[in-house]
Amino acid sequence: MTIKWYPGHMGKALEKIADLIKRVDVVIEVLDARLPVSSSNQQLENLRRTKPWIKILNKHDLADPSITKAWVKLFEQQAGVRALPMSSKQSTETKQLIKLCKLLAPKRGKPGFPVRVMVVGIPNVGKSTLINTLAGRSMAKVGDKPAITTTTQLIDLHNGVVLNDTPGVLWPDMADQEGAYRLATTGAIGANALDYTVVGLFAGEFMMRRYPEMLQKRYKIAELPDNPTELMEGIGRCLGCLKSGGGIDLHRASEAFLRELRAGKLGRISFEEPAPDVVETAVAEIAVDFNP
């Protein structure tokens, strides 16, 4: 199955972003910490030019901490880029973002001259949640479905920072189908554009390779099967996803499995990681942090 999903408003939104970006001081790109590459739109990166760029690795509480630390280390090697792991629902974590925006635009942030910030990203990575947390009130629509925000809006935080909220924008061709399947696994693709069974089997195969112990613990599997179909049958049996007559409903099992995966019920999972040496360094640094 080939995943294709590019709602009509996205093309117009990209044109609007290209125009607005000329008049902002700092760009915040919200990424999913579990898949920072697949959740980054290269079209947005190409619009950047020399603008200070903050990469928010959102939902870091759902991602493997050592791998997230490795991504931060890698991103900050790029000129003009800062990276912050964050949970957009936590106001204590988002406060540092305002300070960083002001630091990156030292000539702004004064009365009558606020720091003009644009928030960009693909659908369902948490842009609207981040904006609502920063504003301290509900300013942007949020939901567990992608493409909730379809128009841009200007939000004054009344602290020297003005935000431009923009719709989530994907790329039209989705040539990287493996990346598209990772996006579908985390909920960034509209449900009408995917087959839950196929995506569930994709995610199950990944978990068998990368985090087998999580599967065994969550679904009480003593020994993992040889293929993802048998795995999904076992998960369906555990979760009670049965057809009349006692057979396993693979669609229901896959949908339930993806819900649990997205909610972090299996554990902290990263679907992408940088080069092994970068990860190894991050693991060592975390070990030092916990063993002073």
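Around Val115, with a cut-off of 10 angstrom between Cβ atoms, what is the net charge of the other residues, counting Lys and Arg +1 and Asp and Glu -1? Each step should come with its number before you reach the end.
On the way: positive: Lys102, Lys107, Arg108, Lys110, Arg116; negative: Asp25.
Once all neighbours under 10 Å are counted, the net charge is +4.
Compute, for Tyr219, the solvent-accessible surface of its heavy atoms (probe 1.4 Å) with the complete set of protein chains present, and express it in square angstrom to the nearest 10.
About 10 Å², rounded to the nearest 10.
In terms of modelled amide H atoms, which long-range or inter-chain residues lie less than 5 Å from the amide H of Val120?
Answer set, sorted by chain and number: Ile28, Glu29, Val30.
Compute, for Glu76, the solvent-accessible surface of its heavy atoms (probe 1.4 Å) with the complete set of protein chains present, and express it in square angstrom to the nearest 10.
Spelled out: Glu76, probe radius 1.4 Å, area about 80 Å².
With θ set to phi - 60°, apply the Karplus curve 6.51 cos²θ - 1.76 cosθ + 1.60 along region 204-212 and write out the HN-Hα couplings as whole Hz, x wherever there is a Gly or Pro.
x, 5, 4, 5, 4, 7, 9, 9, x
What order do Glu273, Glu15 take when sorted by accessible area (1.4 Å probe), most exposed first?
The ranking, largest first, comes out as Glu15, Glu273.
If the reach is capped at under 22 angstrom between alpha carbons, list the lysines near Lys95, excluding any in the same chain fewer than eight residues apart.
Lys51, Lys55, Lys59, Lys69, Lys73, Lys107, Lys110, Lys127, Lys141
Specify the inter-centroid distance of region 177-209 and region 84-115, based on alpha-carbon positions, in whole Å.
34 Å
Grab the beta carbon distance between Val198 and Ser244, set R0 = 22 Å, and tell me the FRET efficiency rounded to 0.05.
Computed FRET efficiency for Val198 and Ser244 comes out at 0.40.
Which value, in Å² and to the nearest 10, is the accessible area of Arg210 when all protein chains are kept and the probe is 1.4 Å?
Ignoring ligands and nucleic acids, Arg210 comes out at about 90 Å².
Work out, step by step, the length gained on full extension between Leu103 and Glu205: first 0.36 nm times the residue separation, then minus their alpha carbon distance; give nm to one decimal.
Numbers: separation 102, 0.36 × 102 = 36.72 nm, distance 4.38 nm.
Full extension of this stretch gives 32.3 nm more.
Mind giving me the FRET efficiency for Gln177 and His251? R0 is 30 Å, r the Cβ-Cβ distance, nearest 0.05 is fine.
Computed FRET efficiency for Gln177 and His251: 0.90.
In nm, what is the difference between 0.36 nm times the number of residues separating Lys22 and Gln216 and their Cα-Cα distance?
Gain on stretching Lys22 to Gln216: 64.8 nm.
At 1.4 Å probe size, put Val115, Val198, Val72 in order of accessible surface, largest to smallest.
Values: Val115 0, Val198 50, Val72 25 Å².
Result, largest first: Val198, Val72, Val115.
The values are calculated or read from the model by the stated rules, or taken from the named source; none is laboratory data. Keep in mind that what you see is a predicted model, and the values were worked out from it rather than measured. So basically every Cβ, Gly included, is an ideal-geometry build from the backbone, and we count neighbours across all protein chains shown. We work out accessible area using only protein heavy atoms, side chains counted, and drop any ligands, DNA or RNA first. Shrake-Rupley method; radii C 1.70, N 1.55, O 1.52, S 1.80 Å.
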